Amino acid sequence: QVQLVESGGGLVQAGGSLRLSCAASGRSFSTYFMQWFRQAPGAEREFVAAISRSGVSTYYSDPVKGRFTISRDNAKNTVYLQMNSLKPEDTAVYYCAADRAPPDLARTEGYEYWGQGTQVTVSS
């Protein structure tokens with residue numbers, strides 16, 4: 001069993017930065033691929049970024065590529081999402097997810113574990 005707890009969300013002006021954290025319980029964190037998703041009001045959940053178990057490989061959606069960076073610290077059981085050059089369209093609830101299967105950038109459901117989400121609001 002893995003529990004995920006996100007933090008770091010908040011209100012920021014356009015062009016600003018935030019760093020989200022997702023802390024995982026349990027001793028098997030390094031066996032999970034980790035993902036970040038987001039869901040804006042009235043919109044479907046969308047993939048944001050993913051990272052391999054070792055942290056060597058990362059994947060990004062086109063809207064965030066070049067602005068967001070996913071990383072992980074397996075010693076701290078934590079995955080991060082550094083978000084720079086934020087835009088109002090980045091406003092959403094951000095969720096982390098863990099799965100032992102490799103990332104499928106087209107899949108937004110069926111992950112083994114999800115966090116409760118953290119709100120990110122970018123004002124113009």
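Tabulated results
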{"read-out": "Under the Karplus curve 6.51 cos²θ - 1.76 cosθ + 1.60, θ = phi - 60°, whole-Hz ³J(HN,Hα) for the stretch 53-65, x wherever Gly or Pro sits", "value": "5, 8, x, 6, 9, 10, 9, 9, 6, 4, x, 10, 4"}
{"read-out": "Whole-Hz ³J(HN,Hα) from phi, Karplus 6.51 cos²θ - 1.76 cosθ + 1.60, for the stretch 69-82, glycine and proline x", "value": "9, 9, 8, 8, 10, 5, 5, 9, 6, 9, 10, 10, 9, 8"}
{"read-out": "Share of Cα-Cα pairs in the stretch 17-77 lying beyond 17 Å, as whole percent", "value": "44"}
{"read-out": "Protein accessible area in the chain, 1.4 Å probe - carbon and sulfur %", "value": "47"}
{"read-out": "The stretch 4-44, Cα convex hull volume normalised per residue, Å³", "value": "112"}
{"read-out": "Karplus 3J(HN,Hα) series, Hz, for the stretch 30-44 with 6.51 cos²θ - 1.76 cosθ + 1.60 (x for Gly, Pro)", "value": "5, 8, 10, 6, 10, 10, 10, 10, 9, 9, 8, x, x, 10, 7"}
{"read-out": "Point-charge dipole on Cβ atoms (K/R +1, D/E -1) for the chain, about Cα centre, debye to 20", "value": "360"}
{"read-out": "Reciprocal of mean inverse Cα separation for the chain (Kirkwood radius, Å)", "value": "14.2"}
{"read-out": "Cα centre as origin, Lys/Arg/Asp/Glu Cβ charges: the stretch 65-124 dipole, Debye", "value": "220"}
{"read-out": "Listed residue (THR31, SER124, ALA43) projecting farthest to the positive dipole end of the chain, Cβ model", "value": "THR31"}
{"read-out": "Residues whose placed amide H lies under 5 Å from that of GLN3, excluding near-sequence neighbours", "value": "SER25"}
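The values are calculated or read from the model by the stated rules, or taken from the named source; none is laboratory data. Computed from a predicted model, the values in this text were never measured in an experiment. Please note: Cβ atoms are built from the backbone with ideal geometry, for glycine as well, and neighbour counts cover all protein chains shown. Heavy atoms of the whole protein, side chains included, go into the accessibility calculation; ligands, DNA and RNA do not. Shrake-Rupley method; radii C 1.70, N 1.55, O 1.52, S 1.80 Å.
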